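Below: the structure, in structure tokens.
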Amino acid sequence: MVCKYHSLLLAEFTTLTVLNINVQNEAIKDQLLVKTRSIEDLRGLPPQVRDLEVPLKNTEDEYNRIMNQIAPLSSIPDEILANIFEVGHVPPSLLSPRAGSAFEILVSQVIQRWRTVAIYTRRIWSRIEISPTTSGQLVAVYLQRSGIDPLDLVIDFERVDAYHHHPGWQAVIPHLSRCRNIVASPGCLENIDEMWSAFHSVTVMLLERFQMIHDFRRTSIDHVFDGGAPALRDVRIGGLQYCVPPLANVTSLVLWNLNIVLDWSHLRDTVGGLLSLTHFVIGIPLDGLFLPDGFESAIRFPSLHTLRIVADYIIPFEFLLSISAPSLDSLELEGITSEDLRYFCNNDALRVLEKFPCLQSLTFLDPNVDDISQETCTSFCNMFPHITHLAFDFNQTQPMSLEHFVEAMVSNTTNSDTTQSHILPELHTLSFSKLHPSSINLLSDIVSTRHALRLPLTLVHVPKAALRHSGQFSEPLDRLRGLVELMEYQARDWNVKTMIFE
């Protein structure tokens with residue numbers, strides 16, 4: 001909102017400046033008239049007079065310079081023009097490579113005055129990208145023009161074998177202490193070793209985000225930024241073995257596909273004591289996980305609100321047993337299988353222990369539970385009695401058959417005791433990113449049944465394709481609209497492989 005207001009203020013100032021320009025300035029008009037006549041005289045001479053080409057070019061340049069003096073933008077003070085450049089300089093996401101020419105390069109090539117102002121506007125030179133094609137000279141220019149401003153450093157050598165002693169990287173190393181964001185894809189073992197050597201003991205007082213992704217295996221265990229990183233809040237580590245910065249003040253943490261197998265004690269040593277952590281994505285191999293008796297020494301996350309577990313690398317419910325997160329309100333299970341659910345439902349500790357009293361949102365990301373029974377689905381849902389929002393989000397795979405899960409929405413407990421309360425009594429929202437057309441009839445029946453049981457749903461998100469169905473599906477859709485608010489599901493990019501976590 002501040003940037004938007006700032007932009008409007010600058011635009012208003014520019015408009016008022018243009019209105020106040022005295023375009024009738026007689027002195028400038030006289031200069032232009034003289035230069036125009038000189039150009040006409042020079043152009044009227046025979047082309048054989050080669051010696052006059054240089055004076056002609058100089059006179060035309062002088063003419064253009066005088067014209068620029070009376071252009072509306074020329075009356076804007078340098079400070080305001082610099083602010084306009086800063087507002088217009090919207091760097092791309094750190095997770096995305098720059099597309100096309102950089103803004104700071106473009107504005108510095110318009111006119112001489114713009115170039116001068118742009119060169120001394122340090123903030124627009126604060127993002128430095130280093131790739132195999134980046135020249136060391138260009139990096140040196142950015143380092144000089146950015147002055148002492150915090151740097152956003154993007155290193156991308158993912159698609160090359162080595163950048164050993166790359167001149168751009170060598171130029172950046174002395175400036176690592178003023179980095180605000182670091183996003184690195186090292187590319188190979190030599191690059192990793194060189195990068196870790198530079199990161200190992202440096203103090204990064206301004207660093208807010210650190211991301212490092214690679215699939216290469218190495219045998220040593222190293223930490224980075226041992227000199228301290230007190231402002232670090234966002235850490236995303238993928239495919240590296242223990243390339244971990246100080247985590248004490250981190251609020252968002254992604255640990256994905258580390259090339260090391262951890263047991264419970266190693267996991268506790270890595271992420272234990274993170275009192276400020278609110279968002280956590282974990283997808284690392286855990287082998288021989290030792291769960292503490294009675295959960296007295298569970299890993300505690302007192303501030304954790306959102307947790308995503310990538311089941312491709314971890315048994316999700318063993319991890320849930322190993323942590324304490326009393327404030328957790330959103331749980332996302334990515335790639336969960338029927339075997340995972342059966343393990344969960346057969347675990348006595350999970351069945352008797354309500355570990356997450358504040359949990360309200362449960363999301364299945366690309367689940368693979370087609371062969372699951374309704375009894376297991378019902379048993380699973382019974383373990384999260386306070387869920388208000390249940391979502392099934394499919395990214396790449398085809399949607400599974402959701403009949404058993406949807407039918408579980410109206411089941412009693414798994415035994416025959418009908419005096420027990422219905423499952424998910426607080427549920428009010430169901431979301432489906434993809435849905436078999438045949439499931440629309442079932443969904444309509446379930447919504448009707450819960451309405452009759454006085455457990456009504458208030459909102460159902462369905463894919464756009466389902467909303468566009470006609471013919472045999474028009475009746476169940478009409479019934480749904482009569483009972484709940486029906487809205488189109490808004491897809492989101494949650495692929496953990498891109499390390500994007502919103």
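Things worth noting here:
- Filtered by the rule that a residue be modelled with pLDDT under 80 and not β-branched (Val, Ile, Thr), the stretch 347-367 gives Asn347, Asp348, Ala349, Leu350, Arg351, Leu353, Glu354, Lys355.
- Top-ranked residue in the stretch 89-115 [being open to solvent by less than 60 Å² (accessible area, probe 1.4 Å) and among the aliphatic types (A, V, I, L, M); ranked as modelled with the lowest pLDDT]: Leu95
- Selection from the stretch 120-135 of residues that are exposed (fewer than 15 other Cβ atoms within 10 Å of the Cβ) and within 12 Å of Ala171 (Cα to Cα): Ser135
- The set of residues in the stretch 331-346 that are open to solvent by less than 20 Å² (accessible area, probe 1.4 Å) and modelled with pLDDT under 80 comprises Phe344, Cys345.
- Single residue of the stretch 315-330 satisfying the filter (open to solvent by 10 Å² or more (accessible area, probe 1.4 Å) and modelled with pLDDT under 85) that is nearest to the chain's Cα centre (by Cα): Ile315
- Count - residues of the stretch 356-383 that are hydrophobic (A, V, I, L, M, F, W, C), within 15 Å of Leu307 (Cα to Cα) and surrounded by 17 or more Cβ atoms within 10 Å (Cβ to Cβ): 5
The values are calculated or read from the model by the stated rules, or taken from the named source; none is laboratory data. Because the structure is predicted, anything quoted here is derived from the model rather than measured. With ideal geometry, Cβ positions are generated from the backbone for all residues, glycine too; neighbour counts draw on all protein chains shown. Calculation scope for accessible area: heavy atoms of the full protein, side chains included, ligands and nucleic acids excluded. Shrake-Rupley method; radii C 1.70, N 1.55, O 1.52, S 1.80 Å.
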